[in-house]
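Inspection log for the structure reproduced underneath, given as structure tokens.
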Amino acid sequence: MAEIRNGMMYCNALFQEEPLNKLTPIVLTLPALLAAAPTYNKDIAPILNSQCALCHRPGEVAPFSLLTYQDAAKRASLIASVTAKGFMPPWKPEAGFGKFQHERRLSADQIALLAEWAKAGAPEGNPKDKPPVPNFTEGWQGGEPNLVLKAGKGFTVAADGPDQFQCFVLPLNLEQDSYIQTAEFRPGNRRVVHHGVIYVDETGSARKLAANSPDGSYPCFGGPRVAATGLLAGWAPGTIAEAGDPQLSIPVKKGTDLVLQIHYHPSGKAETDISSVGVTFSGPPAHGRTSLIMVNTNLDIPPGDAHYVVKSSLTMPRDVEFSGIFPHAHWLCKDMKVDAHLPNGETAHLVWIKDWDFNWQGGYRYEKPVMLPKGTRVDLEYTFDNSAQNLRNPSNPPARVQFGEQTADEMAVAFFTVVLPTPADVAPFQRDMRLAVIDDMLASGDLSALRRIPGLGGRGQQLLQQFDKNGDGKLDDTERKALMDFLRTMMR
């Protein structure tokens, strides 16, 4: 005989004559009694296949495969630990602060299932419940390219030591101005290729940096070290390349080079890599597509400062769409947040990364383009930790850190992929945004912006003296406005 009272199971032994009021309570709730432990075939394999196997499979960058029960079961405790701590899968943006394509994020229920499975001894379950092994696209994910460019002749990565950042100059050798629909990065040796970023260089500057290199490359920790026209594409483990939209092709001039920055991570033995970029060409675009960069170069982080905040703001001069974001900093950054404040008072969250990790940086494509009307103010706020308690601090003891491209320097940068109504809107938008960046830098007190204005020919110091009416070596709001009005007139 059995009865359920107040959510507690009471059992009366069938072969004992005990009165009902002496029934012994069993300390188990009914749901706990009825629930079975999760199994690999029914509960765990679908999670691993959808969120982990893209990297955790043979030949990929992850150190082991998770495609079979045997692969997963012997690492059940490790899987439960790293997912509970948020280390895996390596998806940094916070939920609710930008909705992105191909998110690799586990729900609280999925994390709990992984923990329960490990605690139960990693049962395999009924073979009939096992889902099929996922199919992955081999070769070029976005389709067969029109042009394949090889990065070097075989770059050697040492067995151990520090990570390496190398830029490879990839001449397009165009006979005429053309239009790029897609540029897909394909890592040659996934055991050592951590990530790659493709830039456009119309100036020939990267060629000069690589002039003395036998493989057309040069070291480049912080970026391409040239005034690149734009960021074309990026890749990190787990990135899914797409065919691209011919209506959003990128115009490139005759003589343009691509610059491929590759981050190499030692694997424990000497390795060689020849990565490549597949380029697909198309006709003229129907819409304008360009890149926007937000940056604050006025960094001066004192040693020991665990909460150094850097801000930057830009106001959109016209209606735009943001289709993607690539936030970037170095080792000291711990928190990065970018928001858009619309003229109607609403806020659009563009990205928030609470635990920035240089080793897991990447670009993120929005699930739907973010529409920003004219007058929208985009605010960037990064927080840096230059204390001895920051285990990622490259200096011991901590040292003063300023803006720069070297390992021990820092950056506060965000790249955006911008879509405009027509191709004719790109040039005026780029001009307006260059002026907005200069104005933001001058407003923050960073007068070095005057040295980098295209077309000034080194007249930055002369301009400062001309518009610094009170001679204090600075630009107050009135002086800065007069200078910006002059620059707008000059750059029309």
Worksheet item: Given the structure, is D335 out of contact with any Phe, Trp or Tyr (no Cβ under 6 Å at 6 or more places or on another chain) and part of a strand (DSSP E or B)?
Response: yes
Item to complete: Look at segment 54-71 and say how many of its residues are open to solvent by less than 40 Å² (accessible area, probe 1.4 Å) and touching an Asp or Glu at 6+ places or on another chain (Cβ under 9 Å).
Response: 2
Worksheet item: Just wondering, is there one or more residues in segment 425-437 that are open to solvent by 20 Å² or more (accessible area, probe 1.4 Å), outside any helix (DSSP H, G or I) and free of Cβ contacts under 8 Å to residues at least 12 places away in the same chain?
Response: no
Practice prompt. Determine which single condition H349 fails, assuming it passes every other condition in (1) in a strand (DSSP E or B); (2) modelled with pLDDT of 90 or more; (3) surrounded by 19 or more Cβ atoms within 10 Å (Cβ to Cβ).
Written response: (3)
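For (1) modelled with pLDDT of 75 or more; (2) surrounded by 12 or more Cβ atoms within 10 Å (Cβ to Cβ); (3) in a loop (DSSP other than H, G, I, E, B), each residue gets a yes or a no:
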| site | (1), (2), (3) |
| --- | --- |
| G445 | yes, no, yes |
| I453 | no, yes, yes |
| N470 | yes, no, yes |
| R480 | yes, yes, no |
| M484 | yes, yes, no |
| L487 | yes, yes, no |
Fill in: Only one of G222, G230 that is over 19 Å from N189 (Cβ atoms), buried (at least 19 other Cβ atoms within 10 Å of the Cβ) and out of contact with any strand residue (DSSP E or B) (no Cβ under 7 Å at 6 or more places or on another chain)
G222
Discussion item. I need the full set of residues from segment 185-219 which are open to solvent by less than 30 Å² (accessible area, probe 1.4 Å), in contact with a Phe, Trp or Tyr (Cβ under 7 Å, 6 or more places away or on another chain), more than 15 Å from Q164 (Cα to Cα) and not in a loop (DSSP other than H, G, I, E, B), in order please.
Written reply: F185, I198
Worksheet item: Among (1) outside any strand (DSSP E or B); (2) surrounded by fewer than 17 Cβ atoms within 10 Å (Cβ to Cβ), where does W356 come up short?
Response: (2)
Discussion item. Please go through (1) under 19 Å from V226 (Cα atoms); (2) in contact with a Phe, Trp or Tyr (Cβ under 6 Å, 6 or more places away or on another chain) for E479 and return the number of the only condition it doesn't satisfy.
Written reply: (1)
Response to the item:
Per the filter on segment 455-468, residues at pLDDT below 80 and either among the polar types (S, T, N, Q) or open to solvent by 70 Å² or more (accessible area, probe 1.4 Å) (or both) are G455, G457, G458, R459, Q461
Worksheet item: Residues V148, V133: which one is part of a strand (DSSP E or B) and not polar (S, T, N, Q)?
Response: V148
Worksheet entry | Close pairs (6 angstrom Cβ cut-off, 6 or more residues apart or separate chains): over 17 Å from G234 (Cα atoms) in segment 171-195, among the aliphatic types (A, V, I, L, M) anywhere | S178/V252
Worksheet entry | First in segment 263-278 and assigned to a loop (DSSP other than H, G, I, E, B), second anywhere and open to solvent by 70 Å² or more (accessible area, probe 1.4 Å), Cβ under 6 Å, 6 or more apart | P266/D160; S267/R191; I274/K150
Worksheet item: For K92, are the conditions met, namely being buried (at least 18 other Cβ atoms within 10 Å of the Cβ) and basic (K, R)?
Response: yes
Fill in: Subset of segment 365-386 [open to solvent by 10 Å² or more (accessible area, probe 1.4 Å) and outside any strand (DSSP E or B)]
P373, K374, G375, D385
Worksheet item: Which of (1) over 22 Å from the mean Cα position of the chain (by Cα); (2) open to solvent by less than 30 Å² (accessible area, probe 1.4 Å); (3) at pLDDT 95 or above; (4) not aliphatic (A, V, I, L, M) does F281 not meet, given it meets every other one?
Response: (2)
Practice prompt. For segment 307-315, indicate whether the set of residues that are open to solvent by less than 60 Å² (accessible area, probe 1.4 Å), touching a helix residue (DSSP H, G or I) at 6+ places or on another chain (Cβ under 8 Å), among the polar types (S, T, N, Q) and farther than 15 Å from T417 by Cα is non-empty.
Written response: yes
Worksheet item: For residues in segment 158-169 being of a type in the set (A, V, I, L, M) and surrounded by fewer than 23 Cβ atoms within 10 Å (Cβ to Cβ), which is nearest to F221 (Cα to Cα)?
Response: A158
Practice prompt. Determine whether P285 is part of a loop (DSSP other than H, G, I, E, B) and in contact with a Pro (Cβ under 6 Å, 6 or more places away or on another chain).
Written response: yes
Worksheet item: Here are E138, E103, E94, E124: which of them is part of a loop (DSSP other than H, G, I, E, B), acidic (D, E) and more than 30 Å from A183 (Cα to Cα)?
Response: E124
Item to complete: Name the residue, out of Q181, Q176, that is open to solvent by 30 Å² or more (accessible area, probe 1.4 Å) and part of a strand (DSSP E or B).
Response: Q181
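The values are calculated or read from the model by the stated rules, or taken from the named source; none is laboratory data. Because the structure is predicted, anything quoted here is derived from the model rather than measured. Every residue, glycine as well, gets a Cβ built from its backbone with ideal geometry; the counts of neighbours run over all protein chains shown. Side chains are part of the model used for accessible areas, which takes the heavy atoms of the whole protein and leaves out ligands, DNA and RNA. Shrake-Rupley method; radii C 1.70, N 1.55, O 1.52, S 1.80 Å.
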